[in-house]
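Taken together, the values in this text are just the output of simple stated rules run on the coordinates, not laboratory data. The model shown is predicted, which means the values in this text are computed figures rather than measured ones. FYI the Cβ positions are ideal-geometry reconstructions off the backbone, even for glycines, and counts take in every protein chain you see.
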Amino acid sequence: MDKIIIEGGRPLHGTIAVSGAKNAALPLIAATLLCPGEHILHNVPELRDIRTICTLLETLGASCSIPKPHTLIINSDNVNNYEASYELVKTMRASVLVLGPLLARLGRARVSLPGGCAIGARPINFHMTGLQKLGAVLELEGGYVDAFVKDRLTGAQLSFDIPSVTGTENMLMAACLAKGETIIRNCAKEPEIGNLIDMLIGMGAKISGRGTDTLVIQGVKDLHPAETTIISDRIETGTYIAAVGATGGELTLVDCNPNHLPAFLDKMRNVGISIEVKENSIIAARSGPLRSVDVKTNPYPGFATDLQAQIMALMAVSQGLSVIDETIFENRFMHVAELQRMGADIRVEGGRAIVAGKDRLTGAQVMATDLRASASLVIAGLAAEGETTISRVYHLDRGYENLDVKLRRVGASIRREPE
Ligand code: EPZ
């Protein structure tokens with residue numbers, strides 16, 4: 001395991017190229033299970049989670065190759081195993097995304113229940129009830145979901161109690177090959193779902209309602225492989241904007257899509273960070289004082305829960321009081337205790353964190369607990385006085401490609417060492 005060491009207090013200046021979105025690449029890789037042939041994906045980020053899902057697909061019979069950086073070719077001719085083992089699924093809950101495609105392709109799927117993670121219980125009941133509505137018979141035994149359907153899935157009308165991202169993605173993929181029409185209501189509308197819809201339509205699926213909370217899918221008998229480009233990572237983009245907000249300076253983020261984080265950019269402007277938007281780039285700069293703002297996480301296009309930890313680090317060094325309400329996950333404040341070790345003044349009351357900004361934090365030894373918590377500790381370390389050491393950075397490597405390298409290139413004193 002590695003650790004990251006940061007000498008804080010240095011403003012960031014320069015350009016960072018944003019990588020492809022982890023949370024788009026994962027469902028799009030799962031979608032290659034839907035039909036045989038050679039699928040090509042571009043702008044795939046080089047991340048631990050991508051390697052994990054490729055390993056999972058290979059246990060199912062697919063073969064994955066990377067002919068050049070960020071291009072992934074998946075041949076799914078020989079997908080014949082329908083079991084996703086606990087060993088792999090327990091390391092990445094997004095493995096549940098193979099459930100829908102396997103059921104649609106093979107009529108059978110046996111996927112280990114992902115289990116909880118640091119940020120919450122993260123049940124998959126919406127996935128299961130949705131697939132049952134499409135005619136699948138699901139049984140829970142030995143920690144596995146055992147699903148099968150006689151003949152073929154059948155289109156149905158579904159509605160999510162809350163707009164689940166991977167729930168929407170699983171149902172979308174399953175419905176593409178179902179017999180007849182499926183209508184899914186109260187869908188999630190994250191840009192990553194639009195990326196999946198574009199890929200599925202490229203494969204011959206018939207889907208309408210892209211970008212709305214109601215998707216209508218006319219099932220087809222067969223699909224064919226497609227060539228698709230992964231969208232840029234809006235969470236990575238937001239993370240670097242929060243970083244330059246905390247340190248001061250100016251960053252130009254390229255290969256990003258400003259339209260994918262509207263609520264966050266508005267919030268950053270309110271904080272006092274200047275945001276200049278071009279088609280595929282954002283210039284973020286901060287020289288004056290940081291103003292405290294209130295934040296409430298919401299499904300897209302609201303403020304992303306995946307940027308909550310990062311803005312909390314920023315609010316820890318802003319002027320005033322910030323109230324942060326986390327409405328999506330029940331335990332997504334694991335970063336608070338670590339930020340407090342750096343001197344942050346934060347009080348948690350249920351799903352609410354009250355942050356009293358301070359002039360500065362002090363470097364300390366801290367521990368990463370989950371992907372986005374790790375990012376908030378990096379931001380705090382960059383802004384803090386003195387040295388911060390972050391252990392268990394494998395959490396960071398799940399979702400950020402070369403974060404330390406990218407930050408070093410824009411002036412951060414950050415290095416990685418074996419723990
Ligand atoms: C996706 O997780 C993302 N992961 C998460 O990003 C992100 O935080 C989350 O969406 C919310 O935006 C991927 O896309 C791979 P949900 P997902 O289903 O789909 C409850 C990161 O840091 N729920 O939208 O698992 C659930 O507990 C990760 O990159 C049920 O109750 O999230 C949560 O409270 C972390 N039953 C809410 O819905 C279900 O069957 C939203 O969860 C499914 C979800």
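Please give the length that would be gained between N280 and K358 if that part of the chain were fully extended, namely 0.36 nm times their separation in residues minus their C-alpha to C-alpha distance (nm, one decimal). Display every interim value, and only then the final one.
Numbers: separation 78, 0.36 × 78 = 28.08 nm, distance 3.41 nm.
Separation in residues times 0.36 nm, less the Cα-Cα distance, equals 24.7 nm.
Give the long-range amide H neighbours of F303: residues separated by 5 or more places, or on another chain, with amide H under 5 Å away, using H modelled in the peptide plane at 1.01 Å from N.
N298
List Y144, Y240 from most exposed to least, where exposure is judged by having the fewest other Cβ atoms within 10 Å.
On the way: Y144 18, Y240 25.
Going from least to most buried by this count: Y144, Y240.
Mind sorting M315, M92, M268, M367 by how few other Cβ atoms lie within 10 Å of their own Cβ, fewest first? Please list the in-between numbers first.
Values: M315 32, M92 21, M268 25, M367 18.
Fewest-to-most Cβ neighbours within 10 Å comes out as M367, M92, M268, M315.
If you average the alpha carbon positions of region 231-302 and of region 5-62, how far apart do those two centres end up, in angstrom?
When both Cα centres are located, 22 Å separates them.
Using the Karplus curve 6.51 cos²θ - 1.76 cosθ + 1.60 with θ = phi - 60°, what ³J(HN,Hα) values do you get for each residue of region 322-331, in whole Hz, with x for Gly and Pro?
Calculated HN-Hα couplings, in order: 10, 9, 10, 9, 9, 9, 8, 10, 7, 9 Hz.
Just to check I understand the Karplus step: with θ = phi - 60° and J = 6.51 cos²θ - 1.76 cosθ + 1.60, what whole-Hz values come out for region 286-301, glycine and proline as x?
9, 10, x, x, 8, 9, 6, 10, 8, 9, 9, 6, 8, x, 4, x
Past the 29 Å Cα-Cα mark, which pairs from K3/K358; K90/K267; K22/K90; K22/K206; K22/K179? Write out the running numbers ahead of the final one.
Details: K3/K358 26 Å; K90/K267 35 Å; K22/K90 18 Å; K22/K206 25 Å; K22/K179 31 Å.
As for pairs spanning more than 29 Å Cα to Cα, those are K90/K267; K22/K179.
Specify which residue in the list L403, A243, I354 is farthest towards the positive end of the charge dipole of the chain, using unit charges on the beta carbon of Lys, Arg (+1) and Asp, Glu (-1), about the Cα centre.
Sorting the options by dipole projection puts first I354.
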